[in-house]
1. With respect to the numbered conditions (1) out of contact with any strand residue (DSSP E or B) (no Cβ under 8 Å at 6 or more places or on another chain); (2) surrounded by 18 or more Cβ atoms within 10 Å (Cβ to Cβ), which one is the sole condition not fulfilled by residue 164?
2. Which members of the range 184-215 meet the condition of being surrounded by 23 or more Cβ atoms within 10 Å (Cβ to Cβ) and assigned to a loop (DSSP other than H, G, I, E, B)?
3. Is it the case that residue 162 is near the ligand (Cβ under 10 Å from one of its atoms) and not polar (S, T, N, Q)?
4. Identify all residues within the range 165-185 that are within 11 Å of the ligand (Cβ to nearest atom) and free of Cβ contacts under 8 Å to residues at least 60 places away in the same chain; write none if there are none.
5. If you go through the range 258-281 one residue at a time, do you hit one that is at pLDDT below 95, farther than 29 Å from residue 136 by Cα and in a loop (DSSP other than H, G, I, E, B)?
6. All but one of (1) within 15 Å of the ligand (Cβ to nearest atom); (2) closer than 21 Å to residue 13 by Cβ; (3) among the hydroxyl-bearing types (Ser, Thr, Tyr) hold for residue 220, so report the exception by its number.
7. Among the numbered criteria (1) within 16 Å of the ligand (Cβ to nearest atom); (2) closer than 20 Å to residue 142 by Cα; (3) modelled with pLDDT of 95 or more, which one does residue 313 miss?
8. Please determine whether any residue of the range 13-36 is of a type in the set (Gly, Ala, Ser), part of a strand (DSSP E or B) and either more than 19 Å from residue 86 (Cβ to Cβ) or at pLDDT 95 or above (or both).
Amino acid sequence: MSIRRRINDLRDWIKCLEEAGELRRITAEVDWDEELGAITRMVSANAGPALLFENIKDYKGTTFNRLFTNGLGSKKRLNLALGLPEDFDDRKVVATLKNKLMQRVETKKVNHGPVKENIISGDKINLFDLPVPRWNFLDGGRYINTLSCQVTMDPDTKLMNVGMYRGMIGSKNSIPVLLCAPQHWGTHFAKYRDRGEEMPIAVVYGWHPVLLMVAATAVSHPGCSEYEVAGALRQSPVELVKCETSDLWVPASAEIVIEGKISSDPSTFEMEGPFAEYVGYYGGAASPKHVIRVDCITHRNNPIFRGGLEGGTPGSWAEPYYWHPQCKCAVIWNYLESLNIAKILGVWASPITRGTDVRVQIETTYRGQAKQVAHAIWGSHLMNYTGKLLIVVDEDIDVFSDEAVEWALAYRVNAARGDVEIAHGCIGTNLDPSIPLNERDSVKYGHGTWSPVFIDATIDWNLEPQAQYGNKRFPPKASEISPKMEEFVKRRWQEYGL
Ligand SMILES: Cc1cc2nc3c(=O)[nH]c(=O)nc-3n(C[C@H](O)[C@H](O)[C@H](O)COP(=O)(O)O)c2cc1C
């Protein structure tokens, strides 16, 4: 049986990591306040092991006394989670995800599951009972929703969405969150608000790692939720149980589920932020935000809390940098392919930018095609946190090679000839520190404003054909050797003593 088949939930994943030598259990006492985050940051910076903290200060002997993190904090473990050969490179992983994300496996609804072993409601709810770290020393609070999955439902279609959105503990039963209108839970929220209703929400902590991948990815097939796509990624149906306080459904073997409601009444808002964010800086300053009011917590016996860091910088990646770009690029690739405007040969985003820069490799068949590709991305839902810099290259430039892309940028781009375009006033992000504070208004702009840049790094078909080079517009590559000479030199190679 393949490893992927054996992974059903977080506990199987931890077991699988331990067998593969990819897990460290930390039994020394560790403080949830800064220390746990600092250890995780130092480990994930070097693609170190997954970590299971088993002795967290103030939580020893209590119900919630363990925390798992950095599970997907290396490319090897990403491959392991997807059941792929451990040395699969980025191109192969993105291509695999591209295919898998288009598939779906129906969910299985069950009446009971381990996540219902314990049910906490009413006055017994106290979020401070969970070993939630203050991950970074300047964080505005203890971030409970990091690598967790938020489930909401479209009140019209009844389709569930699973997304990943940050949130910190506000009080013993409240979680202020960063709720942005263009995200799928934002579109659900607007519908409940317009009906004068609160939005039910469930937050899932600790399950199969593929749920994290689909939650953080703009999977949006009509009539299909992330649960079906997660089923396709793990090749077996996701078993779901119904929530106690709403019509939402959650994985039956999740470690912990928090159920609650979000109101649109500003008087319920609580302060949230900042947090060490994906841009590599603290982001989302402290301000009043929407709140998940917690109605119920269900959990397994001996629950394991799941969380993780954001905010990588060059040379110091946090967990999502190892897997999030691959997921995003797979979705962009599928989307572009669905438009039938160009043969897409590859999509990649330099991981440190997490998709803020996106590069697309196409088979160019007419001038202007690269621009069409860029405009298609700018006009799509995928612009959430993505595509501030779009680079399109020809088929001979490997989009997964920084060197190849930089070479194309250096010599195939002529700004004077329209190869660089800026689209002012587009959707951007509220977390990008290059944007003035007044333009980082989530209510007014959805997130913030960007003036994204498109660079056409394909060969300009308007350049003059050069007779001396067979009427090609670009000269031959300098590293080319005539086939006759190459064959001759190869034959004599040993004679040269090389
Ligand atoms: C660790 C992590 C935290 C994230 N936090 C947020 C957040 O607070 N708000 C947000 O709008 N997007 C956040 N994102 C990005 C979304 O998860 C991503 O845009 C995803 O596509 C959202 O799901 P949706 O497309 O179903 O709305 C986060 C991503 C990761 C990996």
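The values are calculated or read from the model by the stated rules, or taken from the named source; none is laboratory data. The structure presented is a predicted model; accordingly, all values stated were derived computationally and were not measured. Here the Cβ positions follow ideal geometry from the backbone for every residue, glycine too, while neighbour counts run over all protein chains shown. Accessible surface areas use protein heavy atoms only, side chains included; no ligands, DNA or RNA. Shrake-Rupley method; radii C 1.70, N 1.55, O 1.52, S 1.80 Å.
1. With respect to (1) out of contact with any strand residue (DSSP E or B) (no Cβ under 8 Å at 6 or more places or on another chain); (2) surrounded by 18 or more Cβ atoms within 10 Å (Cβ to Cβ), residue 164 is out only on (1).
2. The answer is 206, 207, 208.
3. Working: near the ligand (Cβ under 10 Å from one of its atoms): yes; not polar (S, T, N, Q): yes.
Considered against the rule, which asks whether it is near the ligand (Cβ under 10 Å from one of its atoms) and not polar (S, T, N, Q), residue 162 comes out as yes.
4. Correct list: 165, 184, 185.
5. Taking the range 258-281 first, the residues at pLDDT below 95 are none.
Looking for residues that are at pLDDT below 95, farther than 29 Å from residue 136 by Cα and in a loop (DSSP other than H, G, I, E, B), one finds none in the range 258-281, hence no.
6. Failed condition: (2).
7. For residue 313, the failing item is (2).
8. Taking the range 13-36 and keeping what is of a type in the set (Gly, Ala, Ser), we get 20-21, 28.
Narrowing further to those that are part of a strand (DSSP E or B): none.
Scanning the range 13-36, I find no residue that is of a type in the set (Gly, Ala, Ser), part of a strand (DSSP E or B) and either more than 19 Å from residue 86 (Cβ to Cβ) or at pLDDT 95 or above (or both), so the answer is no.
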